[in-house]
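To start, the structure itself, in structure tokens.
Rule-based calculations on the coordinates, nothing more; no lab input. Values in this document were obtained by computation on a predicted structure and should not be read as measured data. Here the Cβ positions follow ideal geometry from the backbone for every residue, glycine too, while neighbour counts run over all protein chains shown.
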Amino acid sequence: MTTAELKALAVELGMPAYAGRQIADWLYKYKVKSIDEMTNLSLANRRRLAENCEIGCREPLRVSRSTDGTVKYLFPAGPSRPVQQCVETVFIPEGDHATLCVSSQIGCRMNCLFCQTGKQGFGGQLTAAEILNQVYSLPEVDQLTNIVFMGQGEPLDNLDSVLRATNILTDPRGWGWSPKRITISTVGLRQSLPRLLNECRCHVAVSLHAAIHDVRAMLMPAEHSMPIADIISELARADFSHQRRITFEYIVFKGINDTEAHAKALARLLQPLDAAIGSKWDSQCRVNLMHFHTIPGTDLHGADDATVIAFQEALRRYGITATIRKSRGQDIEAACGMLYTAQKKEEC
């Protein structure tokens, strides 16, 4: 609940309005696990609150630890769900940074050819509470510096819940995070992308993977409903005055999107955005090159390291800032595109 909703709840239950602010502090500042811990509420008010509400914490059901320090958690989706539904969340420590990759749906409807989550099908939307529980109930919650909506599901296919979650995370009376600490990834959905750009100041990562329509459509069915050229046009109209960063995720596949011609096409595709952002391009826009993590049921193969580096150099010659993302958690199936809970239902 937002802080405004907590105030309304307090009044509805016969408490003073300021009790809503106290509840918000206990939830979002102190992260208590039980209403009994809210000791500046009277015993009668705590009892009344407990009769009508629950904090909603759901501890992880399983933990997998990678040799590189990455940790994958298996969370139950929530109390109203069938017991077999779960989502995976990935904690990625790196020096003085610690990133949490959260899920927004059970499974995914996008069915991208390279993503294992899409192959399990769609199992339902997560509520804002079920999204936030992945943060709230994380053992390393106090270490977090960043959150990325890059886990299971397409965030823009569940935009109401994602926006509610990010609003609570960035509310000064909620978690109080800067929007710059949060990135929302998307394949691009026509009805939802303008809303995201207008209603949210978090960073945006576009799952791009090919600048040529036919190639992207082969990899990503969502290209048919909102072509990447339309996505770029929408981004070019966005407000960048608050230093929103746009990242383009690009898995380099062997023999599919790894040539000079594809680098040139990508540079040409991004020209409208380059013109819109101007001198801030280097600090606010970049292409993030990624290695493909092999999954069952696809004939795709990742390009070798030399090809990825050559592709990066080609993009730089065309004036595109390009970085290469280091794979993390591949040994525990926690790397990008590998999250999958269909075979783990019994464990939930």
What is the Cα centroid distance between the range 21-56 and the range 232-259, reported in whole angstrom?
43 Å
Give the angle, between 0 and 90 degrees and rounded to the nearest 10, that separates the Cα long axis of helix 159-170 from the longest principal axis of the Cα atoms of the chain.
70 degrees
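Arrange the peptides 175-186, 58-69 so that the one whose residues have, on average, the most other Cβ atoms within 10 Å appears first. If you can, show how the numbers build up before the last one.
Working: 175-186: 18.7, 58-69: 14.3.
Top of the packing list down: 175-186, 58-69.
Please identify the GluC sites (Glu not before Pro) of the range 1-65 that satisfy two criteria: DSSP loop assignment and at most 12 other Cβ atoms within 10 Å. Which are they? Walk me through the numbers on the way to the answer.
On the way: sites: 5, 12, 37, 51, 54; in loops: 54.
Those satisfying the criteria are 54.
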Which value results for Rg/Rh of the range 237-313 when Rg is the Cα radius of gyration and Rh the Kirkwood radius based on the inverse mean 1/r?
1.05
Around residue 46: net Lys/Arg minus Asp/Glu count, Cβ-Cβ under 13 Å:
-2
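What does the charge count around residue 260 come to, taking other residues whose C-beta lies under 13 Å from its C-beta (Lys +1, Arg +1, Asp -1, Glu -1)?
Here the charged neighbours net out to +2.
Can you pull the Rg over Rh of the range 3-52, Cα-only, Kirkwood?
Values: Rg = 9.6 Å, Rh = 10.5 Å.
With Rg and the Kirkwood Rh in hand, the quotient comes to 0.91.
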Base-10 log of normalised Debye intensity for the range 62-347 (one unit scatterer per alpha-carbon) at q = 0.07, 0.14 Å⁻¹
-0.24, -1.03
Of 29/180; 180/254; 33/180; 29/119; 29/326; 72/264, which ones are farther than 31 Å apart at the Cα?
180/254; 29/119; 29/326; 72/264
